[in-house]
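Chemist: Take this structure, written in structure tokens, and hold onto it; I'll ask about it next.
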Amino acid sequence: MASVEVSEDNSGFVDNWQSGKTLAECNLHMLTSEDSCDVSFRVGKEGTPVRAHRYVLTSRSCVFYAMLCGPLAEKEDIKIPDVEEELFSEMLRYLYTDTTTVTAENVTGLLYLAKKYSVGGLERLCVAYLESSLTAENACVILEQAHVFDEEKLFDRALELVVKHCGTTVKSSGFTSLCASCFHKVVSADYFLTNDETSFNAVLSWAESECKRQGREITPENKRLVLGEAVYNISFTSMDTEMFAKTVVPSGILSSDESNKLLCYLISNNTDVAPFKMKPELHMGVNLYASQIQSRTSQQDSSNSSGTSREDSSIIISCSQDMRLTGVWAYGDDSCIYNISLDQEESHTSQSHNLRSYTTVKTWVQREVSAVLERSIPNKVHLKLSEVLILEKLRRYRIAVTRESNKSGFLGSSVFNNITLGECQISVKEGSGPGLISSLIIEHK
């Protein structure tokens, strides 16, 4: 009777590598050791060999089932030239173990493979990763990925962030990399503002990049051509007249007739601008300063060796009527860190020691307040208060903002001391520090 060898050294013992391992761990061992593999792939441009098990693939993916079973099944090595071996192996690891490591570097490739081979669980993991890592800085990149992979929910979330923080997103590298479809979606959004020089120049930079992608010479005529209908959604009607004349007109993307039509509107505000779109105005509140200036480099915070500077600013206001304060616009962008505080003035009467006279003492009493960065536009951010504060008639309030940043920004210059809002008169006085608070979002009670 023939004998059976059970180990290489003929010791008679079987290698019980399965002992103590979970199902996923056993599956992974079979994959990495290539034990009993019965299907082969040639992956990437180099055709790197990758081996796997037909049973696992067909039980996890309807696409692999169609490829490996039935009359049309592949008989030889299957070529996978569109991804590299590392990505393909990571997808196999998920098929074998139900786990994977999604990173910023591989998420796009894994999502592509999950879509291609109809691996729903992996697709959901990749989309969840993109949603959780969504920031103003990478929103344009994720918007483009959501468009490519037809992920509507992710696309809507990314678009909302791009518009909400347009002050940051227009400066990100992903903005000029947007495809024409995504760019048009962004620019046509009601509250995506391109009425300042930074944003308008970002639009021109996108047009130049699109000309390169299409193999066109970069000329004003070609930039207008690639902008297409999106040009009618640029916020020309809310631009400063001087900026329009000095920046937009020389760019050459508008015809003479279009420039004249828009200039007439900016001067008189009662002329027809069709087909240019009139976007709804963003609620910018009560403006406190006549102009803005570039801040000088402030002293570095001695407790911080990273180069971050800290600036403190306050204003003192009083209103002739009861009013509601819902937030402020402050100079800077959403890379800055802000803190806001509010004190109200209280009067206390005390009697002298001889009981013959009374003295009124005024002190500042802090009110509990917090704010979140709600929106950013170029050079300004909206700090929304966590709850509405009632400003009592004729009482003085001190509003203070602290900004921490590693770069210079803008500040308000020439404060308006008396402001009229409807029937309310608002008295404004600068407190300490530079003018960080651009405007107050304030309304009648």
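Chemist: Name the pairs whose Cβ atoms lie under 9 Å apart, with the first residue in the stretch 348-366 and under 23 Å from residue 316 (Cβ atoms) and among the aromatic types (Phe, Trp, Tyr), the second open to solvent by 60 Å² or more (accessible area, probe 1.4 Å) and at pLDDT 75 or above, and 6 or more positions between them or separate chains?
Modeler: 364/396; 364/398
Chemist: Can you confirm whether residue 69 is of a type outside the set (Ser, Thr, Tyr), more than 30 Å from the chain's Cα centre (by Cα) and open to solvent by less than 60 Å² (accessible area, probe 1.4 Å)?
Modeler: So residue 69 fits the description; yes.
Chemist: Then there's this: Pick out, from the stretch 139-183, the helices (runs of 4 or more DSSP H) lying fully within it that include 1 or more residues that are within 18 Å of residue 105 (Cα to Cα).
Modeler: Values: elements: 139-148, 152-164, 166-169, 173-176.
Qualifying helices (runs of 4 or more DSSP H): 139-148, 173-176.
Chemist: Would you confirm whether or not the stretch 48-57 contains a residue that is open to solvent by 50 Å² or more (accessible area, probe 1.4 Å) and assigned to a loop (DSSP other than H, G, I, E, B)?
Modeler: Looking through the stretch 48-57, none of the residues is open to solvent by 50 Å² or more (accessible area, probe 1.4 Å) and assigned to a loop (DSSP other than H, G, I, E, B).
Chemist: Follow-up question, since we're still on this one. Is there any pair with a first residue in the stretch 14-29 that is open to solvent by 80 Å² or more (accessible area, probe 1.4 Å) and a second that is aliphatic (A, V, I, L, M) whose Cβ atoms are under 8 Å apart and which are 6 or more apart or on different chains, and what are they?
Modeler: Filtered contacts from the stretch 14-29: 14/6.
Chemist: Residue by residue through the stretch 250-272, note down the ones that are buried (at least 17 other Cβ atoms within 10 Å of the Cβ) and of a type in the set (A, V, I, L, M, F, W, C).
Modeler: 253, 254, 262, 263, 266
Chemist: May I ask you to verify whether residue 364 is among the aromatic types (Phe, Trp, Tyr) and under 28 Å from residue 167 (Cα atoms)? Even if it seems obvious, please write down each step before you answer.
Modeler: Values: among the aromatic types (Phe, Trp, Tyr): yes; under 28 Å from residue 167 (Cα atoms): no.
So residue 364 fails the test.
Chemist: Okay, next question. Can you pull out every residue in the stretch 383-399 that is touching a residue at least 24 places away in the same chain (Cβ under 8 Å) and either open to solvent by 30 Å² or more (accessible area, probe 1.4 Å) or farther than 17 Å from residue 428 by Cβ (or both)?
Modeler: Narrowing the stretch 383-399 to residues touching a residue at least 24 places away in the same chain (Cβ under 8 Å): 383-385, 388-399.
Listed by number, the residues that qualify are 383, 384, 385, 388, 390, 392, 393, 394, 395, 396, 398.
Chemist: Tell me, which residue of the stretch 412-445 that is open to solvent by less than 50 Å² (accessible area, probe 1.4 Å) and touching an Asp or Glu at 6+ places or on another chain (Cβ under 8 Å) is farthest from residue 168 (Cα to Cα)?
Modeler: Here the residue is 415.
Listed here are the residues, each with its yes/no results for (1) modelled with pLDDT of 95 or more; (2) open to solvent by 20 Å² or more (accessible area, probe 1.4 Å).
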position	(1), (2)
169	no, no
175	yes, no
178	yes, no
183	yes, no
188	no, yes
197	no, yes
205	yes, yes
208	yes, yes
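Chemist: Here is a list of conditions, (1) touching a Ser or Thr at 6+ places or on another chain (Cβ under 6 Å); (2) assigned to a helix (DSSP H, G or I), and residue 237 meets all of them except one; can you say which number that is?
Modeler: Condition (1) is where residue 237 drops out.
Chemist: Shifting gears a bit: Do we have any residue at all in the stretch 315-331 that's at pLDDT below 85 and either more than 21 Å from residue 371 (Cβ to Cβ) or not hydrophobic (A, V, I, L, M, F, W, C) (or both)? Step through it out loud before you land on a result.
Modeler: The first filter runs over the stretch 315-331 and keeps only residues at pLDDT below 85, leaving none.
No, the stretch 315-331 has no match at all.
Chemist: For the subset of the stretch 315-339 comprising residues that are closer than 13 Å to residue 436 by Cβ and either without any contact (Cβ under 8 Å) to a residue 40 or more places away in the chain or open to solvent by 60 Å² or more (accessible area, probe 1.4 Å) (or both), which member is farthest from the chain's Cα centre (by Cα)?
Modeler: 339
Chemist: Still on this structure, please answer the following. Restricting to the stretch 340-370, name every residue that is at pLDDT 85 or above and open to solvent by less than 40 Å² (accessible area, probe 1.4 Å). Spell out how you get there, then give the answer.
Modeler: Going residue by residue through the stretch 340-370, those that are at pLDDT 85 or above are 340-346, 363-370.
Correct list: 340, 341, 342, 343, 344, 345, 369.
Results for (1) among the polar types (S, T, N, Q); (2) modelled with pLDDT of 95 or more; (3) farther than 30 Å from residue 145 by Cβ, shown as yes or no for each residue.
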{"residue": "10", "(1), (2), (3)": "yes, no, yes"}
{"residue": "17", "(1), (2), (3)": "no, no, yes"}
{"residue": "24", "(1), (2), (3)": "no, no, no"}
{"residue": "29", "(1), (2), (3)": "no, no, yes"}
{"residue": "33", "(1), (2), (3)": "yes, no, yes"}
{"residue": "66", "(1), (2), (3)": "no, no, no"}
{"residue": "77", "(1), (2), (3)": "no, no, yes"}
{"residue": "80", "(1), (2), (3)": "no, no, no"}
{"residue": "90", "(1), (2), (3)": "no, yes, no"}
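The values are calculated or read from the model by the stated rules, or taken from the named source; none is laboratory data. Computed from a predicted model, the values in this text were never measured in an experiment. Heads up, the Cβs are rebuilt from the backbone with ideal geometry, glycines too, and the neighbour counts pull from every protein chain shown. Remember, those area values only see protein heavy atoms, side chains included, never the ligands or the DNA or RNA. Shrake-Rupley method; radii C 1.70, N 1.55, O 1.52, S 1.80 Å.
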